[in-house]
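Worksheet for the structure shown next.
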Amino acid sequence: MQKYKLSWKDISFDDFKVYLFAMFRAFIPKKKIKNLDELEHFIQTKSAWVTQVTLYSYLKTRMGTRYVLHFDNDVFMSSLNIAKWNIYSVALQDLMLFTFSYLKVNFNFQNVDQSKEIFSKILDDEISNKMPLDIIEEAKKTFNERLQNINWEIYYKDLPFNPSALSLYKWAPIAEELKTLDRKKERYKAMGALQYIINANISLKRIDTALALSLIHI
């Protein structure tokens, strides 16, 4: 089979605008996170964004630039939907734990159990977006187990997003032999963790002292 080579003809003007806008967004000053509702919104939206970017980037890498042709396949789309929600559930856990670990170490925030309440609320809100109930329940169970074993003092700087990268490898609807090859090359870690690290660094700059103070008084 002849290998398909990407050319400029495969990139539409809309694609170019998306990538160009994403590049310049990095230089736009970000609004500070100042309260619990804004923190919840940040964790939810960033987790959803990273899930979409990493999953679809992985599919494009492995299936070629015409991977969208598979979107007419009902079986494939069902697998993709399951993958999306499972990866997202782990992404939420990682960013939630990262954020509260960072708050505890850098702002002496002690009420880390607040993370459980916010996590549950985000998942419950996703029911309206048709997130499968079994995935929600499993995510809550896993999160509770992680809370029992977490070291808040070091979590935010000790590969905090590695579970997300592993979930990308586990759930992506890609042939197992190809995923095994990716695992050996640790490519899936780069794809999953890189996007998270970028956004985690953004979160460090956006967490305002006002947020920490407001949390302390809750």
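Tabulated results
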| read-out | value |
| --- | --- |
| The stretch 29-46 residues that are closer than 24 Å to TRP85 by Cα, paired with ones that are surrounded by fewer than 17 Cβ atoms within 10 Å (Cβ to Cβ) and modelled with pLDDT of 85 or more (beta carbon under 7 Å, 6 or more apart) | GLU40/LYS121 |
| Where a residue in the stretch 116-134 is touching a residue at least 12 places away in the same chain (Cβ under 8 Å) and its partner, wherever it lies, is of a type in the set (S, T, N, Q) and assigned to a helix (DSSP H, G or I), with Cβ under 6 Å and at least six apart | ILE122/GLN44 |
| Residue selected from the stretch 104-113 under the condition farther than 11 Å from TYR155 by Cα and out of contact with any Lys or Arg (no Cβ under 8 Å at 6 or more places or on another chain), by the criterion surrounded by the most Cβ atoms within 10 Å (Cβ to Cβ) | PHE109 |
| Residues satisfying the stated conditions in the stretch 70-81, i.e. in a helix (DSSP H, G or I), surrounded by 11 or more Cβ atoms within 10 Å (Cβ to Cβ) and either at pLDDT below 80 or basic (Lys, Arg) (or both) | HIS70, PHE76 |
| Residue match in the stretch 82-101 (condition: more than 20 Å from ILE33 (Cα to Cα), surrounded by fewer than 18 Cβ atoms within 10 Å (Cβ to Cβ) and either at pLDDT 90 or above or in contact with a helix residue (DSSP H, G or I) (Cβ under 6 Å, 6 or more places away or on another chain) (or both)) | yes |
| Any chance SER120 is more than 21 Å from ILE33 (Cβ to Cβ), surrounded by 15 or more Cβ atoms within 10 Å (Cβ to Cβ) and out of contact with any Pro (no Cβ under 9 Å at 6 or more places or on another chain) | no |
| Residue satisfying condition, being crowded, with 20+ Cβ neighbours inside 10 Å and at pLDDT 85 or above, within set PHE161, PHE143 | PHE143 |
| Selection status of ASN111, in contact with a Leu (Cβ under 9 Å, 6 or more places away or on another chain), outside any helix (DSSP H, G or I), farther than 27 Å from THR61 by Cα and not aromatic (Phe, Trp, Tyr) | yes |
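The values are calculated or read from the model by the stated rules, or taken from the named source; none is laboratory data. The structure displayed is predicted, hence computed values, not measured ones. When we count neighbours, we look across all protein chains shown, and the Cβ atoms used for this are built from the backbone with ideal geometry, even at glycine.
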